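Visitor: Before anything else, here's the structure in question.
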Amino acid sequence: YISWSHPPLRVLEEEQDRLASINSLPMFCFPDVDLVEQVRKMKTETYCFVFTDLQAQNKFGYCRRFLPAPKQNPPEKRFPVVYCMVTKLRSFETFSKIFDQVVELRDFSSAGAYSFLKALIEQNAPKPARSITVKYINAKIGNLVDIHVARVTADQRFEHVDLVHVLNKLGSKLLVEIFINLLVERKLLFVAECLSDLTTVIHSIMQLLYPLHWQGIYIPVLPQEIIDATSSPVPFVIGILKQHTKVMDEEALDDECNIV
């Protein structure tokens with residue numbers, strides 16, 4: 001469920017064209033909701049899903065999943081929390097750094113984290129290779145403080161690209177094969193054990209298509225609830241978790257579907 005949003009949910013729900021995406025946010029923030037359970041420790045993950053509208057314009061949902069600080073010692077079991085920011089801006093590194101700040105603030109006070117996010121959202125996004133200054137009330141010290149948010153990369157086409165990570169995961173030979181399959185518009189199904197690896201690899205590969213642009217279905221994180229999308233008859237680039245291959249209808253995948 002959504003516990004906090006800015007603008008508030010009651011305001012967002014008045015905009016009918018945004019209502020569908022708002023209602024589907026929890027599903028994409030927790031695409032593995034069937035696997036989520038209370039734990040004492042877990043690896044923090046940063047990942048990104050995509051909403052595509054009727055005009056083929058993309059919005060990116062940057063997510064940070066982490067385990068909230070324990071309330072007792074020894075630590076009790078607790079559910080993970082996800083912070084999500086939906087934007088048209090392609091800048092994985094920038095939002096990753098923003099989430100670092102949000103999680104640090106939340107460990108002291110949720111109000112402090114919300115204050116920072118609200119102040120950030122109300123500003124214009126920084127231009128490539130530029131920064132902005134966010135002023136907000138730090139609940140920890142009770143004073144107005146400044147935080148600089150920067151976009152390091154000058155060329156925004158490469159703000160979603162981590163070639164080192166992609167080459168380490170796939171190798172150069174497989175990367176070339178994937179690129180060829182994209183050029184001839186074949187179906188590509190990416191499978192990974194964690195959301196961070198899944199989205200980093202897919203977003204990086206798609207940016208390497210420039211100046212070409214993928215025209216088919218593009219779902220870098222496919223929730224388990226709509227796993228049947230892998231049976232689509234049209235070209236697609238879809239990412240799923242390895243754990244969900246057990247519920248996928250592999251017989252529905254045709255010979256043109258390449259599983260990575």
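The values are calculated or read from the model by the stated rules, or taken from the named source; none is laboratory data. Only a predicted model underlies this, so the values are computations on that prediction, with no experimental measurement involved. Cβ atoms come from the backbone with ideal geometry, glycine included; neighbour counts cover every protein chain shown. Please note that ligands, DNA and RNA were not included when accessible areas were found on the heavy atoms of the full protein model with its side chains. Shrake-Rupley method; radii C 1.70, N 1.55, O 1.52, S 1.80 Å.
Visitor: If we scan the stretch 238-254, do we find a residue that is open to solvent by 30 Å² or more (accessible area, probe 1.4 Å) and at pLDDT 85 or above?
Guide: Within the stretch 238-254, one or more residues are open to solvent by 30 Å² or more (accessible area, probe 1.4 Å) and at pLDDT 85 or above.
Visitor: Taking Val166 as the residue in question, decide whether it is at pLDDT below 75, out of contact with any Phe, Trp or Tyr (no Cβ under 8 Å at 6 or more places or on another chain), closer than 30 Å to Gln55 by Cα and crowded, with 17+ Cβ neighbours inside 10 Å.
Guide: Details: at pLDDT below 75: no; out of contact with any Phe, Trp or Tyr (no Cβ under 8 Å at 6 or more places or on another chain): yes; closer than 30 Å to Gln55 by Cα: yes; crowded, with 17+ Cβ neighbours inside 10 Å: yes.
So Val166 fails the test.
Visitor: For the subset of the stretch 127-147 comprising residues that are outside any strand (DSSP E or B) and at pLDDT 75 or above, which member is most open to solvent (accessible area, probe 1.4 Å)? It would help to see each step written out before you state the result.
Guide: Taking the stretch 127-147 as the starting set, the residues that turn out to be outside any strand (DSSP E or B) are 127-130, 139-142.
Retained after the next criterion (residues that are at pLDDT 75 or above): 127, 130.
Working: Lys127: 141, Arg130: 156 Å².
Checking each candidate, the answer is Arg130.
Visitor: Output yes when any residue across the stretch 64-72 is at pLDDT 80 or above, under 17 Å from the mean Cα position of the chain (by Cα) and open to solvent by 40 Å² or more (accessible area, probe 1.4 Å), and no when none is.
Guide: no
Visitor: Right, another one. Of everything in the stretch 90-109, what is buried (at least 16 other Cβ atoms within 10 Å of the Cβ) and not charged (D, E, K, R)? Give them in sequence order.
Guide: Correct list: Ser91, Phe92, Thr94, Phe95, Ile98, Phe99, Gln101, Val102, Val103, Leu105.
Visitor: Moving on. If you go through the stretch 49-78 one residue at a time, how many are within 18 Å of Tyr218 (Cα to Cα) and in a loop (DSSP other than H, G, I, E, B)?
Guide: 5
Visitor: Among the residues of the stretch 195-218 satisfying the criterion of being aliphatic (A, V, I, L, M) and open to solvent by 30 Å² or more (accessible area, probe 1.4 Å), which is nearest to Leu25 (Cα to Cα)?
Guide: The first filter runs over the stretch 195-218 and keeps only residues aliphatic (A, V, I, L, M), leaving 195, 198, 201-202, 205-206, 208-209, 212, 217.
Right, trim to open to solvent by 30 Å² or more (accessible area, probe 1.4 Å) and you get 208, 212, 217.
Values: Leu208: 27, Leu212: 29, Ile217: 19 Å.
Here the residue is Ile217.
Visitor: Scan the stretch 79-101 for residues that are in a helix (DSSP H, G or I), in contact (Cβ under 8 Å) with a residue 60 or more places away in the chain and under 11 Å from the mean Cα position of the chain (by Cα) and jot them down.
Guide: Start the filter on the stretch 79-101 by keeping residues that are in a helix (DSSP H, G or I), which leaves 92-101.
Next, only the ones that are in contact (Cβ under 8 Å) with a residue 60 or more places away in the chain stay: 92-94.
Correct list: Phe92 only.
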